[in-house]
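Undergrad: Sharing a structure, written as structure tokens. Questions coming.
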Amino acid sequence: MTSFSNSSDSSIRDSFGSKLGIIAAAAGSAVGLGNIWRFPYVVGENGGGAFLLIYIGFVLLIGVPVMLAEFTIGRKAQLNAFGAFRKLAPKSLWFLIGVMGIIAAFTILSFYSTVSGWTLQYLLEASKTGFVGSTNESLQTDFNSFMANGWLPVFWQLLFMGLTAFVVYSGVKNGIEKYTKFLMPLLLIIIIVLGINSLLLPGGAKGLEFLFKPDFSKITMSVVLEALGQAFFSLSIGMGVLITYGSYIQKSDNLSNTAISVSLTDTLIAILAGVAIFPAVFAFNVNPGEGPGLVFITLPLVFEQMTGGYFFAILFFLLLAIAALTSTISVLEVVVAYLVEEKKMTRLKATIISASSISLVGVICTLSLGPLKNELILFGMSFFDLMDYVSANILLPFGGFLIVVFAGWVLGRNQLHNEISNNGVLKASLFNFFLFVVKYLAPIAIALVFINQLNLFDAL
Ligand code: PFF
């Protein structure tokens, strides 16, 4: 059982035990369905290499500084995402960022746990049949009837939430750190094995061309902004996950290096996912433009035809499930840390209450793609799509915007410098650049994404 206590006294708070543990946990949050399921098809749809270049630019220029701002706020306050703002800016409304974070945890986890549940169904299917004898049509039908069934996807979703709750309940060091330290290296090995296998397939080079060859004619303002939005979602920025994790980082650790390592790992794994997927897709002449169905409809068809496909299919869906789990635990931790520290609940009670109330919203998400497909249309979208839309396109950019404004303008140069340099012990060489980004560049860029998304919203 964890030492995470009912008190916000920093001396008895649970924390990460090692540098590797922090990186595993934070990279575990960042690396998820956003990297392996979403990133490859978004790159494919938006000009391949040109999109990739812009995406990498955003990660380095904006993603790393915003991540560092979140870690700094969390570690300085030694509190959850809600309590941190109340402590650092008492008697102000900044704590509302924490409230938004808790709302975002509900919206993200509800649809994310639906897709996470699918990964378990496909893992089982892969190990039972290896998709042998499937065709494009049968895979499409199977996917549709699985969702239409309603209760089967709900079962997998609840099981996934149960796993998430178990890890979170076990604590920061004995749960989150322990499992991510084991799962993240496993994930890295699996994705490298899949990538090598894919590269060795005859005809796979066309897939690399699709992924890496820049086609600048596809780059429009909305593609640029799409790249920034993807970077935020993928890096887990904007809702307090990294503030919460930052509060468990020890005072002697180097925050800048942690932010850089986590962002680079996230980007590397997104690119490796593209390398594992596209050469295989092209080698077997299947459609790379399937969009969100790329992983659940197109890939099984690839595995069906591939030598050793049974083995690779299991590995792939195991990879997806692991990536999703290390992300869902980070989101649940935001709510649990809040309930424990602010509402003085035990960790057990906080986990049960948060996981079950999020699951309730999650079940509605899942059913909105099946039995409630025609009943639950809001703003022209299914409830599932609405939760996805609201979290990725509204809550995260808005939260990210407020977080950098808070760091740059409320905490300001001295407080940021003290925390990042560990009170002058570390050099913090790029500090001025960081300050420029959090004060000016990041708020402007995020405001642009946000405005762009709202325009899209109006158009619906
Ligand atoms: N970064 C995760 C992914 O790429 O799948 C998703 C995510 C986790 C988004 C946590 C936001 C968050 F706060």
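Undergrad: From the list ALA270, ALA276, which residue is assigned to a helix (DSSP H, G or I), within 10 Å of the ligand (Cβ to nearest atom) and farther than 30 Å from ARG13 by Cβ?
TA: The match here is ALA270.
Undergrad: Residues in the stretch 35-50 that are assigned to a helix (DSSP H, G or I), away from the ligand (no atom under 16 Å from the Cβ) and out of contact with any strand residue (DSSP E or B) (no Cβ under 6 Å at 6 or more places or on another chain): how many?
TA: 2
Undergrad: Let me ask another. What residue, among those in the stretch 227-237 that are at pLDDT 90 or above and near the ligand (Cβ under 9 Å from one of its atoms), is surrounded by the most Cβ atoms within 10 Å (Cβ to Cβ)?
TA: Top of the filtered list is LEU235.
Undergrad: Oh, and also: From (1) open to solvent by 10 Å² or more (accessible area, probe 1.4 Å); (2) within 10 Å of the ligand (Cβ to nearest atom), pick out the condition that doesn't hold for SER261.
TA: (2)
Undergrad: Might you let me know whether the stretch 272-292 holds any residue that is at pLDDT 85 or above and under 15 Å from the mean Cα position of the chain (by Cα)?
TA: Yes, the stretch 272-292 has at least one match.
Undergrad: Right, next: Out of (1) in contact with a Leu (Cβ under 9 Å, 6 or more places away or on another chain); (2) at pLDDT 90 or above; (3) open to solvent by 10 Å² or more (accessible area, probe 1.4 Å), what's the single condition that is false for LEU301?
TA: LEU301 satisfies every listed condition except (2).
Undergrad: Got a number for residues in the stretch 356-401 being open to solvent by less than 60 Å² (accessible area, probe 1.4 Å) and in a strand (DSSP E or B)?
TA: Final tally of qualifying residues: 2.
Undergrad: What number goes with the only condition from (1) more than 16 Å from the ligand (Cβ to nearest atom); (2) within 23 Å of SER421 (Cα to Cα); (3) over 19 Å from the mean Cα position of the chain (by Cα) that PRO65 does not pass?
TA: The number of the failed condition is (3).
Undergrad: Taking the condition of a type outside the set (Phe, Trp, Tyr), farther than 30 Å from MET239 by Cα and outside any loop (DSSP other than H, G, I, E, B), does PRO288 pass?
TA: Spelling it out, it is not the case that PRO288 is of a type outside the set (Phe, Trp, Tyr), farther than 30 Å from MET239 by Cα and outside any loop (DSSP other than H, G, I, E, B).
Undergrad: Whether any residue in the stretch 240-248 is open to solvent by less than 40 Å² (accessible area, probe 1.4 Å), within 16 Å of the ligand (Cβ to nearest atom) and closer than 19 Å to VAL115 by Cβ is what I want to check.
TA: Within the stretch 240-248, one or more residues are open to solvent by less than 40 Å² (accessible area, probe 1.4 Å), within 16 Å of the ligand (Cβ to nearest atom) and closer than 19 Å to VAL115 by Cβ.
Undergrad: Of (1) in contact with a Gly (Cβ under 8 Å, 6 or more places away or on another chain); (2) in contact (Cβ under 8 Å) with a residue 40 or more places away in the chain, ASN254 satisfies all except one. Which?
TA: So the condition that ASN254 fails would be (1).
Undergrad: Continuing with the same structure: Can ARG75 be described as assigned to a helix (DSSP H, G or I) and either within 16 Å of the ligand (Cβ to nearest atom) or within 20 Å of the chain's Cα centre (by Cα) (or both)?
TA: Judged against the criteria, ARG75 is not a match.
Undergrad: Between residues in the stretch 334-347 that are on the phi > 0 side of the Ramachandran plot and residues that are assigned to a loop (DSSP other than H, G, I, E, B) and open to solvent by 30 Å² or more (accessible area, probe 1.4 Å), which pairs lie under 7 Å by C-beta distance while being six or more apart or on different chains?
TA: LYS344/ASN6
Undergrad: In the stretch 191-226, which residues are within 16 Å of the ligand (Cβ to nearest atom) and farther than 21 Å from LEU60 by Cβ?
TA: ILE191
Undergrad: Is it the case that some residue within the stretch 27-34 is within 16 Å of the ligand (Cβ to nearest atom), surrounded by fewer than 21 Cβ atoms within 10 Å (Cβ to Cβ) and either under 19 Å from the mean Cα position of the chain (by Cα) or of a type in the set (Ser, Thr, Tyr) (or both)?
TA: The answer is no; no qualifying residue exists.
The values are calculated or read from the model by the stated rules, or taken from the named source; none is laboratory data. The structure displayed is predicted, hence computed values, not measured ones. Positions of Cβ are backbone-derived with ideal geometry, glycine not excepted, and every protein chain shown enters the neighbour counts. What goes into the accessible areas is simple: the full protein's heavy atoms, side chains included, and nothing from ligands, DNA or RNA. Shrake-Rupley method; radii C 1.70, N 1.55, O 1.52, S 1.80 Å.
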